[in-house]
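Peer 1: Sharing a structure below in structure tokens format, with a few things to ask.
The values are calculated or read from the model by the stated rules, or taken from the named source; none is laboratory data. Model, not experiment: these values are computed from the prediction. Methodologically, a virtual Cβ is constructed for each residue, glycine included, from the backbone with ideal geometry; neighbour enumeration extends over all protein chains shown. For accessibility, only protein heavy atoms count, side chains too; no ligands or nucleic acids. Shrake-Rupley method; radii C 1.70, N 1.55, O 1.52, S 1.80 Å.
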Amino acid sequence: MSSNSFDVVVIGAGPGGYVAAIRAAQLGLNVAIVEREHMGGICLNWGCIPTKALLRSSEVFHLMHRAKEFGLSADKIGYDLDAVVARSRAVSKQLNQGIGHLMKKNKVATFMGEATLAGKGQVVVKTDKGSETLTAKNIVLATGARARELPGLEADGDLVWTYKHALTPKRMPKKLLVIGSGAIGIEFASFYNTLGADTTVVEVMDRVLPVEDAEISKFAKKQFEKQGMKIREKTMVKQLDRGQGKVVAHIEAKGQVTKEEFDTVISAVGIVGNVENLGLEALGVKVDRTHVVTDEFCQTGVAGLYAIGDIAGAPWLAHKASHEGVMVAEHIAGKKVHPIKPNSIAGCTYCHPQVASVGLTEAKAKEAGFEIKVGRFPFIGNGKAIALGESEGMVKTIFDAKTGELLGAHMVGAEVTEMIQGYVIGQQLETTEEDLMHTVFPHPTLSEMMHESVLDAYGRVIHM
């Protein structure tokens, strides 16, 4: 092979791309990866990881205010926004360097630059030094996605922010408007609200966190409002008038438009796939609403060309991208692979309280024609939750009444993003209510609520 000839070229080094490259290399394939900006992609540099670092700071700040409850004293509680942001950036930098190390360790050739598909099996990389052409039997597109910009609501980095500006703020917002209450919007609302911003969240759908189970959304909304957030559902921001240090938002609800002034707006109205300037059209790759159309094995219909992660459509989650990366690498290496079931992928939102779910919501299960049994258990009935001072929350489980199959699980409360994995494994192993009932959960843990919720679905709950 020539130095620029590979078995696999991966375009994009986010959680889909770099994982695909590592797994392909492990399987003995000769692999190259192309990245135009940061190893680790958006997730690691501008998404999942740095937001969790920020949210951890706001969580500690929140707990400091509660010191008295725990028999502790903390005076003159404050924060240094620059230092909070610097910690978040340092966390990302550490992990970013770790990805570079993993590429070297796995002997993956790394090219920093912009990639274009020049033809079947050909990738042109524009680097600082000029252009290089790589040839490959297989190409994996993992170019990810970026923030959707609505006309008139575009970010300017000063008054109107996207997630990138919100991660590296030049100032603390006093009066903040967050447009969109999906995971990104609600996490930033939670962070800034906890640090003292007067926060309003506007959601076009009929509830916040619209992909979650309606009962969980309602519970979360109540908690957000208790923390002083203003939540407006079935509401749209029609236009933003930008002035000196202020934005006047035209907000429409029930056909009425009101004007309100804010000093900062965060736009979090979804994402669009990075499909431009890749040369997809010339190759005949099908693109539907900024996402590459693939089959269940992430194949694009063009021989040897795959697409994984956000560019291949919902759910837009890093762990889905990574799993697809592994599957595609194994598929290329000729192994027998299983397609990923979207229903078995958990979603986690790290607001306060946390929200996590897997599988069908109650409404979706009914819509799909299932006869269901539903169980619930509140945090207030759990010893560990009370000891932690985290008694606000609930666990909800949904079963097929005929077969006992676990159809969905939904949680809101402390540390639920860690607990959800128990149900994910359960679904993967095609568990029934009987298996879950016979499982011994350790005491005292929050996970006992998962057991009780299952018992409740079958009229056998103990602590309620």
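Peer 1: How large is ³J(HN,Hα), in whole Hz, for each residue of the stretch 364-369 in order, when computed from phi with the Karplus curve 6.51 cos²θ - 1.76 cosθ + 1.60 and θ = phi - 60°, using x for Gly and Pro?
Peer 2: Rounded to whole hertz, the list is 5, 5, 5, 4, 6, x.
Peer 1: Carbon and sulfur together cover what percent of the accessible area of the chain at a 1.4 Å probe radius?
Peer 2: Percent of accessible area from carbon and sulfur atoms in the chain: 53.
Peer 1: Looking at the stretch 156-257 only, what percent of DSSP beta bridges run antiparallel? Nearest 5 please.
Peer 2: 55
Peer 1: Provide the solvent-accessible area of MET112, counting protein heavy atoms only and rolling a 1.4 Å probe, rounded to the nearest 10 Å².
Peer 2: The value for MET112 is about 90 Å².
Peer 1: If you don't mind, another one. For PHE6, list long-range residues whose amide hydrogen, built 1.01 Å from N in the peptide plane, is under 5 Å from its own amide hydrogen.
Peer 2: Excluding prolines and chain starts, which carry no amide H, the hits are THR135, ALA136, LYS137.
Peer 1: Can you give me the long-range amide H partners of GLY404? Hydrogens built in the peptide plane at 1.01 Å from N, cutoff under 5 Å, separation of 5 or more residues or another chain.
Peer 2: none
Peer 1: Please list, or write none, the lysines whose alpha carbon is within less than 26 Å of the alpha carbon of LYS126, excluding same-chain residues fewer than 8 places away.
Peer 2: LYS93, LYS104, LYS105, LYS107, LYS137, LYS164, LYS286
Peer 1: Using the heavy atoms of the protein chains and a 1.4 angstrom probe, tell me the accessible area per residue for the chain in square angstrom.
Peer 2: For the chain, the solvent-accessible area averages 47 Å² per residue.
Peer 1: Ok, one more. Of TYR163, TYR458, TYR79, which has the most accessible area with a 1.4 Å probe, and how do the rest follow in descending order?
Peer 2: TYR79, TYR458, TYR163
Peer 1: In addition: If you plug each phi of the stretch 305-321 into the Karplus form 6.51 cos²θ - 1.76 cosθ + 1.60 with θ = phi - 60°, what whole-Hz ³J(HN,Hα) values come out, in order, with x for Gly and Pro?
Peer 2: Values per residue, Gly and Pro as x: 10, 10, 9, 10, x, 4, 5, 8, x, 5, x, 8, 9, 4, 5, 5, 4 Hz.
Peer 1: To continue, here is another question. About the Cα centre of the stretch 349-464, how large is the charge dipole given +1 on each Lys and Arg Cβ and -1 on each Asp and Glu Cβ? Please answer in debye to the nearest 20.
Peer 2: Charge dipole of the stretch 349-464: 200 debye, to the nearest 20.
Peer 1: Among the DSSP beta bridges whose two residues both lie in the chain, what percent are antiparallel, rounded to the nearest 5?
Peer 2: Here the share of antiparallel DSSP bridges comes out near 65 percent.
Peer 1: Roll a 1.4 Å probe over the protein heavy atoms and report the accessible area of GLU296 in Å², nearest 10.
Peer 2: 120
Peer 1: Along the Cα→Cβ direction, 7 angstrom out, place labels at GLU69 and LEU150. What is the inter-label distance in nm?
Peer 2: 3.4
Peer 1: Cα convex hull of the stretch 420-464: how many Å³ per residue?
Peer 2: Given the Cα convex hull of the stretch 420-464, per-residue volume reads 74 Å³.
Peer 1: With Cα Rg over 2.2 N^0.38 Å as the read-out, I listed (i) 1.11; (ii) 1.29; (iii) 1.04; which label goes with the value calculated from this structure?
Peer 2: (iii)
Peer 1: Further question: Which order do SER131, SER344, SER92 take when ranked by solvent-accessible area (1.4 Å probe, heavy atoms of all protein chains), largest first?
Peer 2: From most accessible down to least: SER131, SER344, SER92.
Peer 1: What spacing in nm lies between the two simple spin-label points modelled at GLU37 and LYS105, each 7 Å away from Cα in the Cβ direction?
Peer 2: In this crude label model, GLU37 to LYS105 measures out at 2.6 nm.
Peer 1: Please give the length that would be gained between LYS335 and SER391 if that part of the chain were fully extended, namely 0.36 nm times their separation in residues minus their C-alpha to C-alpha distance (nm, one decimal).
Peer 2: That works out to 15.4 nm of additional length.
Peer 1: Okay, next question. Between LYS174 and LYS226, what is the spin-label point distance in nm, taking each point 7 Å from the Cα along the Cα→C-beta axis?
Peer 2: 3.0
Peer 1: Is the shape of the stretch 144-259 best called rounded, prolate or oblate, per the rule: a/c under 1.5 gives rounded, else a/b larger than b/c gives prolate, else oblate, with a ≥ b ≥ c the square roots of the Cα gyration tensor eigenvalues?
Peer 2: Rounded, since a/c falls under 1.5.
Peer 1: To continue, here is another question. Suppose a student asked you for the relative contact order of the chain, using Cα pairs under 8 Å spaced at least 6 residues apart; what percent would you report?
Peer 2: 14
Peer 1: Quick check: residue separation of GLU276 and LYS76 times 0.36 nm, minus the Cα distance between them. What number comes out in nm?
Peer 2: Contour length minus the Cα-Cα distance gives 66.9 nm.
Peer 1: Next question, about the same structure. Taking a spot 7 Å from the Cα of LEU27 along the direction of its beta carbon, which residues of the stretch 92-110 have an amide N less than 19 Å from it?
Peer 2: Correct set: 103, 106-109.
Peer 1: Counting helices only, and only those DSSP H runs with n ≥ 4, report the 222 nm mean residue ellipticity of the chain as the sum of -39,500 (n - 2.57) divided by its residues, in deg cm²/dmol to the nearest 500.
Peer 2: -9500 deg cm²/dmol
Peer 1: If you don't mind, another one. Give the lysines whose C-alpha is closer than 18 Å to that of LYS373, dropping any in the same chain fewer than 8 places away, or say none.
Peer 2: LYS364, LYS396, LYS402
Peer 1: While we're here: Kindly identify the stretch 248-380 as rounded, prolate or oblate by the Cα gyration tensor criterion: order the square roots of the eigenvalues as a ≥ b ≥ c, call it rounded if a/c is under 1.5, otherwise compare a/b with b/c, prolate if a/b is larger, else oblate.
Peer 2: Cα axes put the stretch 248-380 in the oblate bin.
Peer 1: Could you sort TRP46, TRP161, TRP316 by their accessible area in this structure, using a 1.4 Å probe and putting the largest first?
Peer 2: Solvent-accessible surface, decreasing: TRP316, TRP46, TRP161.
Peer 1: Just to confirm my numbers, what's the Cα centroid distance between the stretch 85-99 and the stretch 373-414 in Å?
Peer 2: 34
Peer 1: Still on this model: Per residue of the stretch 326-336, what does 6.51 cos²θ - 1.76 cosθ + 1.60 with θ = phi - 60° give for ³J(HN,Hα)? Whole Hz please, x for Gly and Pro, Karplus curve as stated.
Peer 2: In residue order, the calculated couplings are 5, 4, 5, 4, 5, 4, 4, 7, x, 8, 7 Hz.
Peer 1: Compute, for the stretch 12-131, the length of the dipole vector about the Cα centre, with Cβ point charges of +1 (Lys, Arg) and -1 (Asp, Glu) only. Units Debye, rounded to 20.
Peer 2: 380
Peer 1: Counting only the heavy atoms of the protein chains, how much of ILE380 is accessible to a 1.4 Å probe, in Å² to the nearest 10?
Peer 2: 100
Peer 1: Relative to the present Cα-Cα distance, how much length would full extension add between GLU434 and ILE462 at 0.36 nm per residue of separation?
Peer 2: Contour length minus Cα-Cα distance gives 8.5 nm.
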